[in-house]
Amino acid sequence: MKRTLTTCPYCGTGCMFYLLVDDKDTLVGIEPSSEHVTAKGQLCVKGWNAHHFVNHPDRLTTPLIRKNGILEEVGWDEALDLVVSKLKQAQSAGGKDSAMFVSSAKTTNEENYLMMKLARAVFKTNNIDHCARLCHSSTVIGLMETLGSGAMTNSIDCMEKADCIFVTGPNTTEQHPLIGTRIIENVTKNGAKLIVADNRKIRLARLADIHVRWKNGTDVPFLNSIMNVIIAEGLEDNEFISKRTENYEELKIVVADYPPEKAAEICGITAQEIVDVARMFAAAKRAMIVYSMGITQHTHGVDNVKCCANLAMLTGNVGSPGTGVNPLRGQNNVQGACDMGALPNVFSGYQKVTDPDVRKKFEKAWRVRNLPGEIVHTVTTAINAAAEGSLKAMYIMGENPMMSDPDQNHVREALEKLDFLVVQDIFPTITSDYADVILPATTYAEKDGTFTSTERRVQRVSKAIEPINQSRPDWQILCDIAALAGYEGMKYDSVSDIMDEIASVTPIYGGISYERIDMIGLQWPCPDRNHPGTKILHVDKFSRGLGKFSPARYRPSVEMPDEEYPFVLSTGRSYFHFHSGTMTRRSQLLDREQRFPYVEISPQDAAEHAIAPGSWMYVATRRGEVKVKANVTDVAKKGVLFMPFHYKEGPANLLTINALDPVANIPEYKVCAAKIRKAQ
Amino acid sequence: MKVLVLTEQKLMEFLASARTAYDVRVPVSLHDGTRVIGRLGEGPLAIKGGAINQKITSIFFPHMETVLKCSNGGFESPEPAPKPMLVVGFTKQDADCLEFIDRFYNDKFRDDVYFNKRDNAVIVCVSGRCGANGKLLKVSGDNCDMELICDGQDYIVRAYTDVGKSLIEDIGSTEIVPEETLEQIEKESDQLCVEGLDLLNAASKLLLEDKVPDEFWQSISDRCIACTSCNLACPTCTCFDVFDRTNGCGIDRWRIWDSCQLDGFMREASGHNPMGQELIRTRRRIHHKLAADVTRWGHITCYQCGRCDNVCPTGIGIMSVCKEMVEKYG
Amino acid sequence: MVSKGLSTSLPQPQKPLYEPFSCEVTAIKELTHTEKLFRLNRLDGLPFSHKPGQFVQVSIPGSGEAPISVSSSTTRGDYLELAVRKVGSLTAVMHQLNVGSKIGLRGPFGSSFDTKSMKNHDLLLISGGCGLAPMRSLIQFVEDRRDDFGRSTIFYGAKSPEDVMYKTELEDWANGDAFTCRVTVDNVSGGTCWDGQTGLITNLVEAADIDVGKTIAVIVGPPVMYKHVIVKLKDKGVSDDQIIVSLERYMKCGSGKCGHCTIEHLYCCIDGPVFRYDKIKELKGAL
Ligand SMILES: Cc1cc2nc3c(=O)[nH]c(=O)nc-3n(C[C@H](O)[C@H](O)[C@H](O)COP(=O)(O)OP(=O)(O)OC[C@H]3O[C@@H](n4cnc5c(N)ncnc54)[C@H](O)[C@@H]3O)c2cc1C
Ligand code: SF4
Ligand code: SF4
Ligand code: SF4
Ligand code: FES
């Protein structure tokens, strides 16, 4: 039995644990780390089962090339040669920007860095993006504009220090379980006030002082109205506003248009609820906002995020323990993938590609010329471009857009149209069904690297077993591709060397090295080797100098319910499964818990449609129809359906609408119009 | 009367020499300081520091293990390991837990996969002045083969069974010191508070008399996120799930720790689920140890090892729940 | 009064516990569109020695194990019959088996219908759906030892005519002298021909003419059935200790270890599946 300390591959909480390996190099268990800052010897059910899928017989074990429509096993050389020549071919026919590189929030920082380096330095395109587009791109943009840094302002242990926690749009006890439990402990042990603004009656709502069930998509008027009350009642923090912020007058003008009575009507709640929330939040000494995809995944996602930041600044709740604007990042390394610049507009550390000096710096560091300065595609627009035929080739590492992008039929059409698709993954997926080349990668258990948790903590991922069969770590595959494409600058002896390069070009990671993060990790910004890391952002000064109030006005969601499609359909995740289910559905206990696709429906709606609990039913939108089991529960509000997107046999994203936020290009996963019927 | 005393260094030497006959497992400190029962040399020896967080019975009932190999239509059961284990690091409570699950796995059908490891294993308890934060660990008495009673620095060695005694003989000549210290530790150990047990007994009585209403369980289960940690850490939790997995040359049948806090634990093919409500599952977690097992085995099967209270991220381990219960209904 | 000590005999522990023995499928019969009957022989030639009401763990490498009631009686010879409904992965694989296929088996496990203490009593054998599978082993036993028992009545309820299992045998029991046998279905969909009774099984129980003092009622069926049938029996004056039930639980080990089948302090796999009603009626979640 061997034990290896590593970081959980599921959510952004970033618990560390030991992987247990038997004499046959098989993972046989998990042991929590009792010393880890977040885990403290605890784990959620996904963490406890995180070893299970690694040795699953479905693992991709050899490179595959599609020949005459059939996937054939080939050697690595043949597969990688084809990848390079096809990508080059696509680019020479359609221009550099006719290829798209999709990185992955599941892979390590080093791998994300290399993917973005590959796209920019070798293939000379800024067409690099990853699934943060689909979850927190609005956060990155919204918080960058208001606060100057697109990450969680505080740390997880601040959850235990707040006097009032305002939770809107995450289901923490299921999606960031150990963060959720810190909130529960603070509420039950210290009597902290808890405000939950969520349509669903999530677990935290049961313990909340106030639970507001507004209409999906009315976040902006709701938040504006809270600020309206705070200003009207003189509860704002004037000192903070005058010393630390700018553009306050603008905010005042906009929120003045949202008196509680008016907002209440838009939001489908009472004016009193708004007033109560405003008073409770403003009264707290340390009040914290915790938000997640319920805020971001809207066509007005950026506006929602800005409103959250506005509220925090208005009440002086930024830059101190137990406060802040805290987006919870969904995946284990979605924070890191953003930090590493797996985004079209920035290099690592959010250094803008449009800035010639920045480009010069990277040209020098990477020993290349003419790094591209134009921003062309995001993941979401790339799919649209592929469907239109202007994008020719795509290299997808560790993502499953067929399951996770909106409007599956549209994605299918796009993938089918591509001249060339490479999918690099650990399991076959329905996306790899459309691939011309499939490259078998290793899981987190078979490689070294780092993940950055939601609290900006860069932590080690350590190899517990040898790569299974012929699979290889993503970083090695990327380096080989770069070399085959004729680039000399991507040769590393170890992942630690890659981190050293990252540190040298990325100021916020400047002081990070494997030596320093050996045990507990470091929270960025960590500019130099002596810097202790940063628990709380914007302490004396905002990252952008002054905090900027950026008010927004209400824009309704794109597709509202009507007579034909009377329900609001919202989508997301469940506790036991992760995203497209490739890992969790191959884990015995997790799979057993939720084996079938389902929809959460209120008891009233179910009764009206004569749908029995647990029976099969159909959910349809203008995009298609899906058969799911009815999970009749008072978690769901009347008129609103909730569906997780884990099931390929009942894909929620067959139903969702491909409508994007104009700035962030994030899809509106949280609102579309649907109808239901009983099966048979 | 004199007693045998070992310095940590001498103890190390003894354990190293025991390796010829035994697969020796001891508390070690891992990379980040987490203490586990591991192999000698897996990390620095970490006997002091109190109970190990890990489910102590995982030594014999691990997180995941094969129970059967199937190949070419034939079946093959796992064999006992070539060497029996010698395990150091049980507290008195841990040894009580082990004693119970020994009975459990032997009841009616003998679980040979468990006994493959458990048979002939030597259990060495640790007690005395080496608990967490200098607390005194209760002296075990004879619920193990051998005991190391720490005087704050060195270990007074006591053997209870024949194996234990012969192992002590193997140690040969060592310093012998007067036994006053031991007497003193034992006296203090006897006085260690029994509050915990009183609390469990009071809770047990309430449960057996059916005096705890559903509202109570609902209010506790509102705080349970079904992380399964309480079950997975508890030394007397024995439930497992079974699954088959193909490997290169055949199919292995595995068992893996399961948890009654999961909705699927009892869900049947028909969808019928006797434990299909949160409050029923939360009740089960406590009721099983404090009431159901009293009826079945004649005693409660929680030995106050403290693990579930440590590991529950929302603070509803058995002691906290019992405290709330007894305050409300006692 | 039914004597104490119902269903206590346990099989000899086999060793090793999780190792199945191999069996060959010697016959397969389609019972309904979702149920098939498998007849098995042990390859090692040892006797099955099961009792009515017990179950076995069917083992198919790659698909795992499933508890299946024994549907035949040893009084018919040393073979074992299993009636299996296709509901999931393992049962689906079973439905693909052919005569000559080999499968693994562990057991028999669990308590049985205590035929000794049923002696000389009138029997009311009530089953619903798949519950006829274990009941058939008792029915066969009673048929083969007819003189040992009093008046015996079989009531069987199914969802629809298509769901009625053991159709010809039910007819034989109805036409023969050994039993009074009544079958009812909940619904008859248009176009199906059904000349039997329709309605819930509780109607049959209600209409039954029984000698309360002499009767033992045995119930096996889906969870919803028990409560309703028991109410009707009690209306007729049948006491709790005259009622025997067989319960189904999720089972993994069959031997009191995995914990999936517990009912408060009882383990359905070793203390059950056959229970006398008065022993379990107070237990939360039993029915
Ligand atoms: C004592 C007893 C006697 C039974 N007798 C019969 C019988 O005579 N004929 C018959 O057709 N069926 C019988 N069953 C039910 C049968 O065991 C299940 O239908 C079978 O286990 C389903 O296995 P599967 O692999 O096909 O389904 P799976 O694909 O494993 O699962 C389908 C569903 O069944 C549930 N399930 C999985 N394993 C079990 C399990 N061991 N017990 C209950 N539910 C489970 C799963 O949670 C899932 O919801 C009996 C069950 C018990 C406990
Ligand atoms: S809370 Fe998140 S990081 Fe921690 S164990 Fe669970 S899934 Fe893993
Ligand atoms: S204290 Fe908790 S973990 Fe320890 S034996 Fe009791 S129930 Fe189990
Ligand atoms: S450890 Fe606590 S939260 Fe986790 S399952 Fe047990 S009781 Fe629930
Ligand atoms: S089936 Fe495992 S304990 Fe009963």
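Starting from the Cα of A:THR270, move 7 Å in the Cα-to-Cβ direction to define the label point; list residues of region A:155-178 whose amide nitrogen is under 18 Å from there.
none
Obtain the radius of gyration and the Kirkwood radius of the protein assembly as shown from its C-alpha atoms and give Rg over Rh. Can you show the working numbers first?
Values: Rg = 32.9 Å, Rh = 33.4 Å.
Expressed as Rg/Rh, it is 0.98.
Aspartates and glutamates near A:LYS352 by alpha-carbon distance under 15 Å, same-chain residues fewer than 8 away left out - which ones?
Within the straight-line cut-off, A:LYS352 pairs with A:ASP129, A:GLU145, A:ASP339, A:GLU363, A:GLU374.
Just to confirm, what accessible area per residue do you get for chain B at 1.4 Å probe, in whole Å²? Intermediate values should be presented prior to the final figure.
On the way: 12830 Å² over 330 residues.
Value returned for chain B: 39 Å² of accessible area per residue.
Provide the buried accessible surface between chains B and A in square angstrom, both chains summed, 1.4 Å probe, rounded to the nearest 100.
Working: alone 16530 and 22920 Å², together 35620 Å².
In total, chains B and A hide about 3800 Å² from solvent.
What's the FRET efficiency of A:ARG553 with A:ALA365 using the Cβ-Cβ distance as r and R₀ = 60 Å, to the nearest 0.05?
Details: r = 43 Å, r/R0 = 0.71.
Rounded to the nearest 0.05, the efficiency is 0.90.
From the helices alone, meaning DSSP H stretches of at least four residues, give me the mean residue ellipticity at 222 nm for chain B, per-run term -39500 (n - 2.57), in deg cm²/dmol to the nearest 500. Could you put the intermediate results ahead of the total?
On the way: 12 runs with 114 residues, N = 330.
Helices in chain B give a 222 nm mean residue ellipticity of -10000 deg cm²/dmol.
On a full-extension model of 0.36 nm per residue, what is the gain between A:ALA483 and A:LYS189, subtracting their alpha-carbon distance, rounded to one decimal in nm? It would help to have the intermediate numbers written out before the result.
Numbers: separation 294, 0.36 × 294 = 105.84 nm, distance 5.67 nm.
In short, 100.2 nm is gained.
Applying 1/(1 + (r/R0)^6) with R0 = 25 Å to the Cβ-Cβ distance of C:PHE21 and A:ASN469, what FRET efficiency is obtained, to the nearest 0.05? Show your work: numbers first, answer last.
Numbers: r = 34 Å, r/R0 = 1.38.
It comes out at approximately 0.15.
Could you please state how large a percent of the accessible area of region C:115-246 is carbon and sulfur, counting protein chains only and using a 1.4 Å probe? Working shown, then result.
On the way: 2660 of 5600 Å².
Carbon-and-sulfur percentage of accessible area, whole number: 48.
Classify region A:567-678 as rounded, prolate or oblate from the Cα gyration tensor: take a ≥ b ≥ c as the square roots of its eigenvalues, call it rounded if a/c is under 1.5, otherwise prolate when a/b beats b/c and oblate if not.
Numbers: a/c = 1.79, a/b = 1.03, b/c = 1.74.
It comes out oblate by the Cα gyration axes.
Counting only C-alpha contacts under 8 Å and six or more residues apart, can you give the relative contact order of region A:365-489 as a whole percent?
Details: 164 pairs, mean separation 21.7, N = 125.
17 percent.
Under 20 Å between alpha carbons: how many lysine pairs meet that in region C:21-109, if sequence neighbours fewer than 8 apart on the same chain are excluded? Could you put the intermediate results ahead of the total?
Working: C:LYS29/C:LYS86; C:LYS29/C:LYS102; C:LYS36/C:LYS86; C:LYS36/C:LYS102; C:LYS86/C:LYS102.
Close lysine pairs found across region C:21-109: 5.
So which trypsin sites (Lys or Arg not before Pro) in region A:342-378 end up in coil per DSSP with only 11 or fewer other C-beta atoms within 10 Å? Could you put the intermediate results ahead of the total?
Details: sites: A:LYS352, A:ARG359, A:LYS360, A:LYS361, A:LYS364, A:ARG367, A:ARG369; in loops: A:ARG367, A:ARG369.
Passing both the DSSP loop test and the Cβ count: A:ARG367, A:ARG369.
Expressed as a fraction of 2.2 N^0.38 Å, the rule-of-thumb size for a compact globular protein of N residues, what is the C-alpha radius of gyration of region A:120-249? Don't skip to the end; give the middle numbers.
Details: Rg = 17.9 Å, N = 130, 2.2 N^0.38 = 14.0 Å.
Against the empirical 2.2 N^0.38 Å value, I get 1.28 for region A:120-249.
Taking a cut-off of 13 Å between Cα atoms, list the aspartates and glutamates near A:LYS417, but don't count ones fewer than 8 places away on the same chain.
Of all the aspartates and glutamates, those that pass the test against A:LYS417 - Cα under 13 Å, at least 8 places apart if same chain - are A:GLU388, A:ASP436.
What pairs in B:LYS48/B:LYS165; A:LYS2/B:LYS10; A:LYS86/A:LYS627 have C-alpha atoms more than 31 Å from each other?
Over 31 Å Cα-Cα: A:LYS86/A:LYS627.
State the antiparallel share, in %, of DSSP beta bridges confined to region A:539-680, rounding to the nearest 5. Walk me through the intermediate numbers first.
Details: 16 of 25 bridges.
Bridges in region A:539-680 are about 65 percent antiparallel.
Let me check against my output: what whole-number percent is the relative contact order of chain A, with C-alpha pairs under 8 Å and at least 6 apart? Don't skip to the answer; put the middle values down first.
Working: 1663 pairs, mean separation 134.5, N = 680.
Computed over chain A, the figure is 20 percent.
If you put +1 on each Lys and Arg Cβ and -1 on each Asp and Glu Cβ, how big is the dipole of region A:601-680 around its Cα centre, in Debye rounded to 20? Working shown, then result.
Working: 11 positive and 7 negative charges, 39 e Å.
Here the size comes out at about 180 debye.
Only bridges with both residues in the protein assembly as shown count here: give the DSSP antiparallel percent, nearest 5. Please list the in-between numbers first.
Details: 111 of 191 bridges.
For the protein assembly as shown, the DSSP antiparallel bridge percentage is about 60.
For the pairing of chain C with chain B, what total accessible surface becomes buried, with a 1.4 angstrom probe, in square angstrom to the nearest 100? Don't skip to the end; give the middle numbers.
Working: alone 13150 and 16530 Å², together 26110 Å².
About 3600 Å² of accessible surface is lost on pairing.
For region A:137-328, report the accessible area per residue in Å² (1.4 Å probe, heavy atoms, rounded to an integer). Please report the intermediate quantities before stating the final value.
Values: 5180 Å² over 192 residues.
It amounts to 27 Å² per residue over region A:137-328.
Among the listed pairs B:LYS55/B:LYS117; A:LYS360/A:LYS548; C:LYS227/C:LYS281; A:LYS46/A:LYS629; A:LYS40/A:LYS447, which are separated by more than 18 Å between their Cα atoms?
Where the Cα-Cα span goes over 18 Å, the pairs concerned are A:LYS360/A:LYS548; A:LYS46/A:LYS629; A:LYS40/A:LYS447.
With a 1.4 Å probe and all protein chains left in place, how much accessible area per residue does region A:527-650 have, in Å²? Kindly include the intermediate steps, with their values, before the conclusion.
Details: 5190 Å² over 124 residues.
Ligands and nucleic acids excluded, the figure is 42 Å² per residue.
Find the relative contact order for region C:115-246 and round it to a whole percent, using C-alpha pairs within less than 8 Å whose residues are 6+ positions apart.
On the way: 210 pairs, mean separation 37.9, N = 132.
The normalised contact order for region C:115-246 reaches 29 percent.
Restricting to DSSP H runs of at least four residues, report the calculated mean residue ellipticity at 222 nm for chain A, -39500 (n - 2.57) per run over all residues, nearest 500 deg cm²/dmol.
Numbers: 24 runs with 212 residues, N = 680.
Calculated at 222 nm, the ellipticity per residue is -8500 deg cm²/dmol.
State, in angstrom, two size descriptors of region C:115-246 derived from its alpha carbons: Rg to one decimal place and Dmax to the nearest whole number.
14.0, 45
Do any residues of region B:308-330 lose at least 40 Å² of accessible area when the full set of protein chains is present rather than just their chain alone, and if so which, with a 1.4 Å probe?
Output list: B:VAL311, B:PRO313, B:THR314.
Within the accessible area of region C:21-109, what % is carbon and sulfur when the probe is 1.4 Å and the other protein chains stay in place?
On the way: 1620 of 3290 Å².
Carbon-and-sulfur percentage of accessible area, whole number: 49.
At a 1.4 Å probe, which residues in region B:19-35 are at least 30 Å² less accessible with all protein chains present than in their chain isolated?
Relative to the lone chain, where solvent access is computed with a 1.4 Å probe, region B:19-35 loses at least 30 Å² at B:LEU30, B:HIS31, B:ASP32, B:THR34.
Can you give the % of DSSP beta bridges in chain A that are antiparallel, to the nearest 5? Don't jump to the answer; show the numbers that get you there.
Values: 43 of 87 bridges.
About 50 percent, rounded to the nearest 5.
What's the carbon and sulfur percent of chain A's accessible surface, probe 1.4 angstrom, rounded to a whole number?
Details: 10250 of 21000 Å².
Summing carbon and sulfur atoms, their accessible area is 49 percent of the total for chain A.
Could the peptides A:552-564, A:597-609, A:416-428, A:315-327 be put in order, highest first, of the mean number of other beta-carbon atoms found within 10 Å of their residues? Present the calculation step by step, with values, prior to reporting the outcome.
Values: A:552-564: 15.5, A:597-609: 19.5, A:416-428: 21.6, A:315-327: 24.8.
Taking the mean over residues of other Cβ atoms within 10 Å, the ranking is A:315-327, A:416-428, A:597-609, A:552-564.
What trypsin sites (Lys or Arg not before Pro) in region C:102-167 are in a loop by DSSP, with at most 16 other Cβ atoms within 10 Å of the Cβ?
Hits after loop and neighbour filter: C:LYS119, C:ARG145, C:ARG151, C:LYS159.
Obtain the nm distance between the two label points defined at B:CYS249 and C:ARG145 by a simple spin-label model: each point lies 7 Å from its Cα along the Cα-to-C-beta direction.
Computed distance between label sites B:CYS249 and C:ARG145 equals 4.9 nm.
At a Förster radius of 51 Å, what calculated FRET efficiency corresponds to the Cβ-Cβ distance of C:THR198 and B:LYS211, to the nearest 0.05?
On the way: r = 47 Å, r/R0 = 0.91.
E between C:THR198 and B:LYS211, to the nearest 0.05, is 0.65.
Work out which residues of region B:216-235 lose at minimum 10 square angstrom of accessible surface when the other protein chains are put back, relative to the chain isolated, with a 1.4 angstrom probe, and list them by number.
B:ASP222, B:ARG223, B:CYS224, B:ILE225, B:ALA226, B:CYS227, B:THR228, B:SER229, B:LEU232
Along the charge dipole of the protein assembly as shown, which of C:HIS95, B:CYS125, C:TYR18 sits closest to the positive end, that is, farthest toward it, with unit charges on the beta carbon of Lys, Arg, Asp and Glu (+1, +1, -1, -1)?
C:HIS95
Taking 7 Å along the Cα-to-C-beta vector as the label spot, tell me the B:LYS135-B:SER71 distance in nanometres, rounded to one decimal.
Roughly 4.9 nm, to one decimal.
Please list, by residue number, every one of the trypsin sites (Lys or Arg not before Pro) in region B:155-254 that is coil in DSSP and has at most 13 other beta-carbon atoms within 10 Å.
Values: sites: B:ARG158, B:LYS165, B:LYS187, B:LYS205, B:LYS211, B:ARG223, B:ARG245, B:ARG253; in loops: B:LYS211, B:ARG223.
Listed in order of number, the matching sites are B:LYS211.
The values are calculated or read from the model by the stated rules, or taken from the named source; none is laboratory data. Owing to the predicted nature of the structure, the values given are computational and were not obtained by experimental measurement. For neighbour counting, all protein chains shown are included, and Cβ atoms are generated from backbone atoms with ideal geometry for every residue, glycine included. All accessible areas refer to the heavy atoms of the entire protein, side chains included, with ligands and DNA or RNA removed. Shrake-Rupley method; radii C 1.70, N 1.55, O 1.52, S 1.80 Å.
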